[in-house]
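The values are calculated or read from the model by the stated rules, or taken from the named source; none is laboratory data. No experiment lies behind these values; they were computed from the predicted model shown. FYI the Cβ positions are ideal-geometry reconstructions off the backbone, even for glycines, and counts take in every protein chain you see. Quick note on the areas: whole protein, heavy atoms, side chains included, nothing else; ligands and nucleic acids left out. Shrake-Rupley method; radii C 1.70, N 1.55, O 1.52, S 1.80 Å.
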Amino acid sequence: MIFFMIVPSIMIVSVILIHKTAGFFDLKISYIALAICAVLSFLIDVAAVEISTAPGREYFFKLFALIFVAAAVVTAINFYLEVKK
């Protein structure tokens, strides 16, 4: 129960810090893309627990594939949102 209270608060703080840091370096990252990134990272965490029978080569390949797809989705969304502006 505490997990579901702590994780969102840490993610909110992380999203704000990442957005401020990116702004400092003149990088354009939207809050929507960061929020989607936070949600996808939580889903990858849940999926990692579900697919883990024993950590091996196949487990790490699936985990890498999930992370790669999530990163590509968030990058595409951020690009679309910045071009739309």
For region 1-42, the count of residues that are under 18 Å from residue 75 (Cα atoms) and not in a helix (DSSP H, G or I) equals 6
Report task. Could you tell me whether region 15-28 includes any residue that is in contact (Cβ under 8 Å) with a residue 40 or more places away in the chain and open to solvent by 100 Å² or more (accessible area, probe 1.4 Å)? Result -> yes
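A quick yes/no check of all residues on (1) open to solvent by 50 Å² or more (accessible area, probe 1.4 Å); (2) more than 30 Å from residue 85 (Cβ to Cβ); (3) not aromatic (Phe, Trp, Tyr):
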{"site": "33", "(1), (2), (3)": "no, no, yes"}
{"site": "40", "(1), (2), (3)": "no, no, yes"}
{"site": "48", "(1), (2), (3)": "no, yes, yes"}
{"site": "51", "(1), (2), (3)": "yes, yes, yes"}
{"site": "59", "(1), (2), (3)": "no, yes, no"}
{"site": "63", "(1), (2), (3)": "no, yes, yes"}
{"site": "66", "(1), (2), (3)": "yes, no, yes"}
Of the residues in region 68-79, those that are under 14 Å from residue 28 (Cβ atoms) and open to solvent by less than 60 Å² (accessible area, probe 1.4 Å) come to 74, 77, 78
Taking region 43-60 and keeping residues in a helix (DSSP H, G or I) and not β-branched (Val, Ile, Thr) leaves 43, 45, 47, 48, 50, 57, 58, 59, 60
Screening 7, 73, 15 for residues that are at pLDDT below 85 and not small (Gly, Ala, Ser) leaves only 7
TODO: Kindly indicate whether residue 82 is open to solvent by 80 Å² or more (accessible area, probe 1.4 Å) and of a type in the set (Asp, Glu).
DONE: no
